[in-house]
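Asks: One structure, pasted below without further comment.
The values are calculated or read from the model by the stated rules, or taken from the named source; none is laboratory data. The shown structure was predicted, so the numbers you read here are calculated from the model rather than taken from an experiment. Here the Cβ positions follow ideal geometry from the backbone for every residue, glycine too, while neighbour counts run over all protein chains shown.
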Amino acid sequence: FAQALLAADPERQIGLIPCAKGGTSLADWAPSWAGNTLYGACLQRIAAASMQGRLAGVLFFQGENDALRADAFPDDQVRTSDGYGALFTEWLTQLRRDLDRPELPIVFAQIGTNDRPEFFVNWELIQREQASVELPCTAMITTADLARRDAVHFTSASYDEIGARFARAYLELIDTTDCTG
């Protein structure tokens, strides 16, 4: 991502704020300011990094866990496959609200292909739900054509391409819309 942005603008200053947590559902990211939640910890990291610069956008890649069959994990882990698009839209809206940045550019990745349909029974549903998200200053990149090293994770070369796709979509958002990056 950063390499592609620098190629487009060598003078650009870039900082990344890692907030990722593998194996999580959208419900695990439920909006909360509490520092012991994924969402709250992410907001705290953004606040800390904002002392050095300004948040210019959000990259988000999530959904595989929500595609799992209901009995794949303990009952206490909530899945959000039904209505994922509406829930994700509300999550993005709440994030912008909590950051007081209604025009913040957000680029998210649609989950790729599914080689384990017996396990990831809601995969195509999540893909459709992700594709249904329509918000200003928001773009979706696709990943279905990229090579993976296992049922969920991509190869290094594919991750490089995902970063480049995130960068292209981000640059298009800030160059062709009223989004404030």
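Asks: Within segment 129-141, which residues are outside any loop (DSSP other than H, G, I, E, B) and either surrounded by 15 or more Cβ atoms within 10 Å (Cβ to Cβ) or at pLDDT below 95 (or both)? Before the answer, list the steps.
Replies: So the first thing to find is which residues in segment 129-141 are outside any loop (DSSP other than H, G, I, E, B), and the list is 129-131, 138-141.
E129, Q130, T138, A139, M140, I141, listed by residue number.
Asks: Given A48, A27, which one is assigned to a helix (DSSP H, G or I), modelled with pLDDT of 95 or more and of a type outside the set (S, T, N, Q)?
Replies: Exactly one of A48, A27 is assigned to a helix (DSSP H, G or I), modelled with pLDDT of 95 or more and of a type outside the set (S, T, N, Q), namely A48.
Asks: Moving on. Which is under 22 Å from L6 (Cβ atoms) and either surrounded by 13 or more Cβ atoms within 10 Å (Cβ to Cβ) or among the aromatic types (F, W, Y) (or both), of A157, A167? If you could, list the steps in order and put the result at the bottom.
Replies: Values: A157 fails: either surrounded by 13 or more Cβ atoms within 10 Å (Cβ to Cβ) or among the aromatic types (F, W, Y) (or both).
Answer to the selection: A167.
Asks: Just one of the numbered conditions (1) loosely packed, with under 14 Cβ neighbours inside 10 Å; (2) of a type outside the set (K, R); (3) in a loop (DSSP other than H, G, I, E, B); (4) modelled with pLDDT under 95 is not true of A144; which one?
Replies: The one condition A144 does not meet is (4).
Asks: Could you please find all residues in segment 147-179 being part of a loop (DSSP other than H, G, I, E, B), of a type in the set (A, V, I, L, M) and in contact (Cβ under 8 Å) with a residue 40 or more places away in the chain?
Replies: Of everything in segment 147-179, just one residue is part of a loop (DSSP other than H, G, I, E, B), of a type in the set (A, V, I, L, M) and in contact (Cβ under 8 Å) with a residue 40 or more places away in the chain, namely V152.
Asks: Answer with yes or no whether I126 is within 21 Å of L92 (Cα to Cα), at pLDDT 95 or above and crowded, with 20+ Cβ neighbours inside 10 Å. Show your work before the answer.
Replies: On the way: within 21 Å of L92 (Cα to Cα): yes; at pLDDT 95 or above: no; crowded, with 20+ Cβ neighbours inside 10 Å: yes.
Considered against the rule, which asks whether it is within 21 Å of L92 (Cα to Cα), at pLDDT 95 or above and crowded, with 20+ Cβ neighbours inside 10 Å, I126 comes out as no.
Asks: Can you name the number of the only condition in (1) free of Cβ contacts under 8 Å to residues at least 12 places away in the same chain; (2) within 25 Å of P31 (Cα to Cα); (3) surrounded by 14 or more Cβ atoms within 10 Å (Cβ to Cβ) that I106 fails?
Replies: (1)
Asks: Let me ask you something else. I need the full set of residues from segment 1-31 which are among the polar types (S, T, N, Q) and under 20 Å from N65 (Cα atoms), in order please.
Replies: Of everything in segment 1-31, those that are among the polar types (S, T, N, Q) and under 20 Å from N65 (Cα atoms) turn out to be T24, S25.
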